[in-house]
Amino acid sequence: MSNDKATLFDSVRAGDLRLRNRVVMAPLTRNRAPNAIPTALMAQYYTQRASAGLLISEATAISQQGQGYFDVPGLYGAEQLEGWKSVTRDVHAAGGTMVVQLWHVGRVSHTELQADGAAPVAPSAITAKTKTVLMRDGVPTFVDTSAPRALRVVELPGIVHDFQAAARNAVETAGFDGVEIHGANGYLLDQFLKSGSNVRTDEYGGSIENRARLMLEVVRAVSDAVGGGRTGIRLSPVTPANDVYDADPQPLFEHVVRELATLNLAYVHVIVGATGGPRVLPDRPFDYAAMMAAYRRAGGKGAWMVNNGMDKALAERELAAGADLFAFGRPYIANPDLVERLRRGGPFNQGDRDTYYGGGAKGYTDYATLPYQSSSKTDSALNQSALT
Ligand SMILES: Cc1cc2nc3c(=O)[nH]c(=O)nc-3n(C[C@H](O)[C@H](O)[C@H](O)COP(=O)(O)O)c2cc1C
């Protein structure tokens with residue numbers, strides 16, 4: 001597919017979502033939800049960014065077992081849903097469209113965050129050589145992840161159920177326009193996919209089909225609950241984030257997207273290279289064009305979203321090569337009006353890394369916007385109803 005005549009600022013459909021432009025706010029964990037409950041400050045932060053074509057929320061735990069870091073929000077308690085309801089109400093009032101990222105961290109957790117100090121769960125009992133962040137004496141502190149235990153087959157329907165229940169809560173109660181399943185960055189579903197973290201010998205390990213089984217069961221269950229057209233998924237074929245590795249990612253991910261193609265999803269979201277790092281990894285080659293082609297050849301009609309190190313010129317090149325949506329992470333931390341800044345060609349604020357994770361308004365809701373200029377007619381017409 002080629003998008004020769006389109007621009008980043010045209011409206012576009014992604015399944016059932018009608019987006020006012022192709023610029024997406026990538027999911028960004030900011031650790032400002034004490035007791036996992038979204039706050040008024042979070043509503044302000046997301047609303048400031050509502051001119052994005054799509055806002056993807058920070059990763060949000062589907063269950064307490066899925067929690068891996070301090071002060072990240074959840075979708076499994078009544079107060080959490082009430083908090084999110086205020087966020088989506090304000091984002092919608094500002095004309096925005098927002099999905100929530102559904103998260104189970106798997107082994108990237110710590111006994112302190114688990115019920116009764118239990119071990120985190122994983123496909124196999126292999127400790128990730130990575131850190132999580134806990135609050136110690138009021139200071140966010142990196143600590144090693146705890147040794148996980150392998151999930152039993154009989155427990156897996158419960159994981160699928162938790163994803164499905166969270167998706168239903170998100171759309172029916174919390175007011176999100178849809179959900180993004182977090183299948184990337186070395187968290188539970190990515191751990192199952194990849195050979196470095198999954199050495200199971202049952203029907204959820206071994207072959208590509210087996211390693212992809214849990215992810216595909218989750219996607220089907222979530223789509224059944226909220227509609228494929230409101231469901232997206234994030235994938236990161238070669239990222240080393242959180243100590244994941246696959247011996248042969250190309251056929252693995254082409255299998256995954258061929259299966260996803262049958263589910264009429266809103267979008268497939270792909271992180272190119274190392275999340276937040278180089279887009280090309282010499283020791284982990286990957287052909288992203290072939291992955292997109294495999295999806296399209298299998299009949300996939302969802303939008304193709306790409307992320308990592310985007311700027312306007314790169315997004316325009318990716319658009320010409322057939323991608324539909326462009327997710328910006330760090331630029332959205334520092335530039336609430338990123339769409340307008342991209343339209344004008346800058347200038348861009350630089351983010352303060354010290355305030356990425358945890359804290360209050362500083363480095364969160366206090367980044368400046370450009371002096372106001374009226375937006376186009378198309379924008380304001382679409383503002384009336386972001387969803388169709
Ligand atoms: C502070 C911070 C928090 C992040 N949180 C998440 C998250 O919750 N879920 C996720 O999938 N990726 C997360 N990421 C990765 C970003 O979504 C994105 O993939 C990465 O920053 C690369 O895009 P960029 O170059 O546009 O920043 C996070 C990145 C940063 C810097």
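For the reader, a short list of remarks on this structure follows.
- Whichever residue in the range 173-184 is open to solvent by less than 20 Å² (accessible area, probe 1.4 Å) and either modelled with pLDDT under 95 or not small (Gly, Ala, Ser) (or both) and, among such residues, is farthest from the ligand (Cβ to nearest atom): ASP177
- So ASP116, is it surrounded by fewer than 23 Cβ atoms within 10 Å (Cβ to Cβ), of a type in the set (D, E, K, R) and in a helix (DSSP H, G or I): yes
- All positions within the range 181-204 that are part of a loop (DSSP other than H, G, I, E, B) and closer than 21 Å to ARG220 by Cβ: GLY183, ALA184, TYR187, LYS194, ASN198, ARG200, ASP202, GLU203, TYR204
- Within the range 223-252, tally of residues that are touching a strand residue (DSSP E or B) at 6+ places or on another chain (Cβ under 7 Å) and either away from the ligand (no atom under 16 Å from the Cβ) or open to solvent by 30 Å² or more (accessible area, probe 1.4 Å) (or both): 3
- The criterion of at least 2 residues that are in contact with a strand residue (DSSP E or B) (Cβ under 9 Å, 6 or more places away or on another chain), within 13 Å of the ligand (Cβ to nearest atom) and over 23 Å from ARG341 (Cβ atoms) is met, among strands (runs of 3 or more DSSP E) falling completely within the range 1-99, by 54-61.
- When the range 191-214 is filtered for residues that are in contact with a strand residue (DSSP E or B) (Cβ under 8 Å, 6 or more places away or on another chain) and open to solvent by less than 20 Å² (accessible area, probe 1.4 Å), the ones remaining, listed by number, are GLN191, SER197.
The values are calculated or read from the model by the stated rules, or taken from the named source; none is laboratory data. If you're wondering where the values come from, they're calculated on a predicted model, not measured in any experiment. Positions of Cβ are backbone-derived with ideal geometry, glycine not excepted, and every protein chain shown enters the neighbour counts. What goes into the accessible areas is simple: the full protein's heavy atoms, side chains included, and nothing from ligands, DNA or RNA. Shrake-Rupley method; radii C 1.70, N 1.55, O 1.52, S 1.80 Å.
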